[in-house]
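K.L.:
Right, I'll just put the structure down here and ask away after.
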Amino acid sequence: MRAARNNIYKNDVDFATLALHSPEFARYLKPNNQLDFTDPDAVRQLTKSLLQKDFDLNVDIPDNRLCPPVPNRLNYILWIQGLLDTTGDEYRDDYDPDRNVVGLDIGTGCCSIYPLLGCAMRPQWNFVATDIDDNNVQTSQEAVSANKLQSRIRVVQTKSSDNLFSIEKLGVNGLDFTMCNPPFYTSREEMVSSAEAKERPPFSACTGAEVEMVTDGGEIAFVSRMIEESLQLREKVLWYTSMLGKLSSVSVLIEKLIKHGNHNYAVTEFVQGSKTRRWAIAWSWGDLRPTVDVARSITKFPKELLPFPSEYTFDIPSGVIDDLGLKLDEELSSLAVEWHWQKSLATGVGFAMENVWSRQARRKMKSAGAMQGLEIDERKATLGFKVQLKKEGIEKEGVRVLIRWLKGTDTVLFESFCGMVKRKLEGR
């Protein structure tokens, strides 16, 4: 998964190196370079020192609020970056430094760590951060001000009775994404019994207040509420997302999305070291499709609940890139599709309003006289695709063909297109 590749903490935090940069952190490090994670002060200092060293962020963590672990929070931000990078208007599948992005962080916590990380890593990102807790709002505003990010992060006090996505009230026309780390527990009793059920003390000290840990109905009820609200806003938000503390919640929520007719969603898991595992879900009411490594990066999960693969790959064992590129370009140029081939990159991008490659469609086009009057509106196209010819990952001879589903909701149409390209390039 690309988020894991980009994570500077993928091999865990090097405490010894961090101690050299941060005398405040060094005070808590044991002679064997280990940290006592049951000490709340040590955990808070770890977060503060990592934010300072790796992101140049100065953050104070209140004693009586949840201390956000930086590696875990970074995982979520990186995944959202992947979602946006692979579903942009320019279909580039990588970071667009000129793209202006506005995100909403629901329940931003005591220091708005997600907005701070997002802004530190992406200069064109901006946030609205909401919270229902007075103290969290105040300390988050202080954190934003301390890092001189008031022009890019706006912290807003909300009420539990407010809509989670109050776009008009928040003063924005639309959002590129929403993010949320909802309370796991359904009640204080569940939180207490969960702690008591553990045979040994928790790996890391929990300093969270009840308002941060408990919500009526737990995370399933909270994210279900997000899904219901998204049915009204639809495409005013490109991606709705939430982190989850239980793998079982992911399946329940995906089934809810499918029940509401949504088939453009993504799931992932965040694994930090050997101790912490979290999951996340995202859904869109638009038709831009993220890459497979972003949308299906989860293990031990029912295959029937995974989103439809947005990539199709096959090899031409004795093929030559230039010859196959010419054949591909000629074939797609003869169809009623918008098609742009870049020979130097052996890559082409195209859009179709319907299936125009079936025998019936070809006969119809031939009788109508070529492609006269062809008008394809990229925004209304039912299929957007990219075809790449590559040499990587195969033997010395041959070519790998990667067909990437960029846009659309019709899985049958995408499969049909892939089958046609494969047959043509194989000479069948």
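No value in this document is a laboratory result; all are computed from the given coordinates. Everything numeric here is computed off the predicted structure, so don't read it as measured data. FYI the Cβ positions are ideal-geometry reconstructions off the backbone, even for glycines, and counts take in every protein chain you see.
K.L.:
Rounding to the nearest 10 and keeping the result within 0 to 90°, find how far the Cα-based axis of helix 70-85 lies from the longest principal axis of the chain.
P.N.:
20
K.L.:
If one takes the longest principal axis of the Cα atoms in the chain, at what angle in degrees, from 0 to 90 and to the nearest 10, does the Cα axis of helix 218-233 lie?
P.N.:
50
K.L.:
How far is helix 40-55 tilted off the main Cα axis of the chain, in degrees rounded to 10, range 0 to 90?
P.N.:
For helix 40-55, the angle is close to 40 degrees.
K.L.:
Charges at C-beta only: +1 for Lys and Arg, -1 for Asp and Glu. How large is the resulting dipole of the chain about its Cα centre, in Debye rounded to 20?
P.N.:
It works out to roughly 1180 debye.
K.L.:
Here is a follow-up. Only Lys, Arg, Asp and Glu count, each charged at its Cβ (+1, +1, -1, -1), so figure out the dipole size of the range 311-425 about its Cα centre, rounded to 20 debye.
P.N.:
Using Cβ point charges on Lys, Arg, Asp and Glu, the range 311-425 gives about 260 debye.
K.L.:
Let me ask something else. Computed over the Cα atoms, what is the radius of gyration of the range 311-425 divided by 2.2 N^0.38 Å, N being its residue count?
P.N.:
Compared with the compact-globule rule of thumb, the range 311-425 sits at 1.06.
K.L.:
Using r as the Cβ-Cβ distance of E90 and A361, and R0 as 30 Å, what FRET efficiency do you calculate, to the nearest 0.05?
P.N.:
The calculated FRET efficiency here is 0.55.
K.L.:
I321 to R99: FRET efficiency via 1/(1 + (r/R0)^6), r the Cβ-Cβ distance, R0 41 Å, to the nearest 0.05?
P.N.:
Computed FRET efficiency for I321 and R99: 0.85.
K.L.:
A further question on this structure: Which entries of K343/K390; K169/K236; K364/K422; K380/K407; K327/K390; K10/K148 show an alpha-carbon separation above 18 angstrom in the structure shown?
P.N.:
From the list (K343/K390; K169/K236; K364/K422; K380/K407; K327/K390; K10/K148), the Cα-Cα distance tops 18 Å for K364/K422; K10/K148.
K.L.:
Using θ = phi - 60° and the Karplus relation 6.51 cos²θ - 1.76 cosθ + 1.60, list the HN-Hα couplings for the range 106-111 in order, rounded to whole Hz, with x at every Gly or Pro.
P.N.:
Listing the rounded values in order: 8, x, 5, x, 7, 9 Hz.
K.L.:
Principal axes first, then extents: for the Cα atoms of the chain, list largest minus smallest coordinate on each axis, whole Å, largest first.
P.N.:
So the three principal-axis extents are 76, 50, 43 Å.
K.L.:
How many nm separate the modelled label positions at K424 and M121, each set 7 Å beyond the Cα in the direction of the Cβ?
P.N.:
Rounded to a tenth, the inter-label distance reads 3.8 nm.
K.L.:
Can you compute the modelled spin-label distance between H263 and R234, with each label point 7 Å from Cα toward Cβ, in nm?
P.N.:
Taking the two extended label points, one gets 1.8 nm.
K.L.:
A further question follows. Go through Q360, L233, I258 and say which Cα lies farthest out towards the positive end of the charge dipole of the chain; charges sit on Cβ, +1 for Lys and Arg, -1 for Asp and Glu.
P.N.:
The one lying farthest along the dipole's positive direction is Q360.
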